[in-house]
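A.B. asks: Structure provided below as structure tokens; questions to follow.
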């Protein structure tokens with residue numbers, strides 16, 4: 001059996017199909033397994049054994065999206081949390097012009113939403129802000145020494161870090177239609193060729209399955225690779241811009257192969273899929289692998305930084321099932337504290353009656369009204385009728 005046939009018959013059947021669709025972009029479970037295994041060895045030495053002991057929970061947690069084939073309770077609340085259309089301002093113009101616009105994408109979520117509205121992008125994404133939210137929640141979990149909350153929030157950060165490193169989570173051109181890449185759909189949702197009809201799936205999911213075997217859940221770890229994150233938003237954006245920079249080359253490979261093999265629909269794809277994926281892997285797999293590694297490094301840096309920000313609590317003092325003190329410390333004092341729910345776009349004074357309904361794991365704190373509004377929150381009509389107290 002030659003290599004091309006082996007790849008089609010052995011690798012493709014183990015890929016879930018169709019994959020879970022988050023904000024129009026295919027997600028594959030293998031991504032989060034790989035990124036979890038990359039991230040843990042990079043963590044600071046003191047806290048690393050705790051996560052090594054909970055590795056199964058961490059992997060399972062990072063893949064919770066796939067337990068029922070849809071998003072599950074306790075996860076980032078909508079598909080927009082998993083992507084960011086960095087090129088929304090320009091459309092599909094010349095590459096250097098797009099990349100310049102991508103690098104200048106707004107830091108302020110309110111400005112980003114305004115941009116998306118102007119360009120007719122209803123769900124343009126909020127992934128860096130979602131990471132910022134969960135980084136703060138993980139810091140709180142470390143501070144409270146709540147082992148279960150630590151694993152839960154670390155798993156979510158792994159998932160989001162992996163999403164940030166995948167090129168097709170950074171663009172409006174998800175199916176390749178804007179760049180002339182072939183895409184198709186079928187009427188039958190169970191059609192095994194349906195998932196292969198988008199360039200985002202073709203250039204990520206099957207290749208990631210191959211990268212999984214290449215990596216073998218091992219990672220090239222060097223001493224001192226961990227770096228403390230002072231600005232989670234900027235750090236995530238750096239990874240996403242890096243992923244976007246490789247998008248053009250990936251799309252070009254797919255266009256060349258579909259043209260060379262005369263693929264025009266699902267039927268013609270099926271006839272040459274083995275050699276298509278073999279050549280695609282030869283040209284693109286190393287790029288995809290580098291982004292998986294970038295996602296793992298990002299996740300490790302975010303998790304380790306949250307632990308440091310919490311005061312580096314000793315893992316032996318983490319308590320399973322501990323009750324979070326977040327609500328008591330953040331909402332029992334003064335109106336100077338402003339809080340919101342991770343699952344809402346509203347923010348409140350700390351003393352607002354509505355705050356009592358927010359679960360500890362969903363609570364997000366803002367030091368000022370301005371910081372809450374910069375994060376895209378609107379004022380509660382009950383407790384914040386105007387700026388004055």
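The values are calculated or read from the model by the stated rules, or taken from the named source; none is laboratory data. In this text, all values refer to a predicted model and were calculated from it rather than measured experimentally. Using ideal geometry, Cβ is built from the backbone for each residue, glycine included, and neighbour counts are taken over all protein chains shown.
A.B. asks: Among the candidates 357, 271, single out the residue that is farther than 25 Å from residue 128 by Cα and modelled with pLDDT of 85 or more.
C.D. replies: 271
A.B. asks: Filter the stretch 348-364 for residues that are touching a helix residue (DSSP H, G or I) at 6+ places or on another chain (Cβ under 7 Å) and in a strand (DSSP E or B); which is surrounded by the most Cβ atoms within 10 Å (Cβ to Cβ)?
C.D. replies: Of everything passing the filter in the stretch 348-364, 348 is surrounded by the most Cβ atoms within 10 Å (Cβ to Cβ).
A.B. asks: Here is a check on your reading of the model: is residue 254 under 22 Å from the mean Cα position of the chain (by Cα) and either modelled with pLDDT of 80 or more or surrounded by fewer than 23 Cβ atoms within 10 Å (Cβ to Cβ) (or both)?
C.D. replies: For residue 254, the condition - under 22 Å from the mean Cα position of the chain (by Cα) and either modelled with pLDDT of 80 or more or surrounded by fewer than 23 Cβ atoms within 10 Å (Cβ to Cβ) (or both) - is not met.
A.B. asks: I've got another one for you. Restricted to the stretch 367-382, and to residues that are in contact with a helix residue (DSSP H, G or I) (Cβ under 9 Å, 6 or more places away or on another chain) and at pLDDT below 80, which residue is surrounded by the most Cβ atoms within 10 Å (Cβ to Cβ)?
C.D. replies: 375
A.B. asks: From the list 101, 97, 154, pick out the single residue that is assigned by TED's automatic domain parsing to the domain that holds residue 308 and in contact with a helix residue (DSSP H, G or I) (Cβ under 7 Å, 6 or more places away or on another chain).
C.D. replies: 154
A.B. asks: Given the residues 126, 122, 107, which is the only one that is free of Cβ contacts under 8 Å to residues at least 24 places away in the same chain and either farther than 29 Å from residue 320 by Cα or in the same structural domain as residue 370 (by TED's automatic domain parsing) (or both)?
C.D. replies: Of the residues listed, the single one that is free of Cβ contacts under 8 Å to residues at least 24 places away in the same chain and either farther than 29 Å from residue 320 by Cα or in the same structural domain as residue 370 (by TED's automatic domain parsing) (or both) is 122.
A.B. asks: Select from the stretch 301-342 the residues that are at pLDDT 90 or above, in contact with a helix residue (DSSP H, G or I) (Cβ under 8 Å, 6 or more places away or on another chain) and at positive phi and list them in ascending order.
C.D. replies: 311
A.B. asks: Of the residues in the stretch 164-176, how many are assigned to a helix (DSSP H, G or I) and out of contact with any strand residue (DSSP E or B) (no Cβ under 6 Å at 6 or more places or on another chain)?
C.D. replies: Total meeting the criteria: 2.
A.B. asks: Enumerate the pairs (first residue in the stretch 261-276 and in the same structural domain as residue 206 (by TED's automatic domain parsing); second residue anywhere and at pLDDT 90 or above and surrounded by fewer than 15 Cβ atoms within 10 Å (Cβ to Cβ)) with beta-carbon separation below 7 Å, excluding pairs fewer than 6 apart on the same chain, so at least 6 apart or on different chains.
C.D. replies: Here the result reads 268/262, each pair linking the stretch 261-276 to a residue that is at pLDDT 90 or above and surrounded by fewer than 15 Cβ atoms within 10 Å (Cβ to Cβ).
Conditions tested, residue by residue: (1) at pLDDT 85 or above; (2) part of a loop (DSSP other than H, G, I, E, B).
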position	(1), (2)
122	no, yes
142	yes, no
157	yes, no
162	yes, no
178	yes, no
182	yes, yes
213	no, no
225	no, yes
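A.B. asks: Answer yes if at least one residue in the stretch 282-300 is in a loop (DSSP other than H, G, I, E, B), at pLDDT below 95 and crowded, with 16+ Cβ neighbours inside 10 Å, and no otherwise.
C.D. replies: No.
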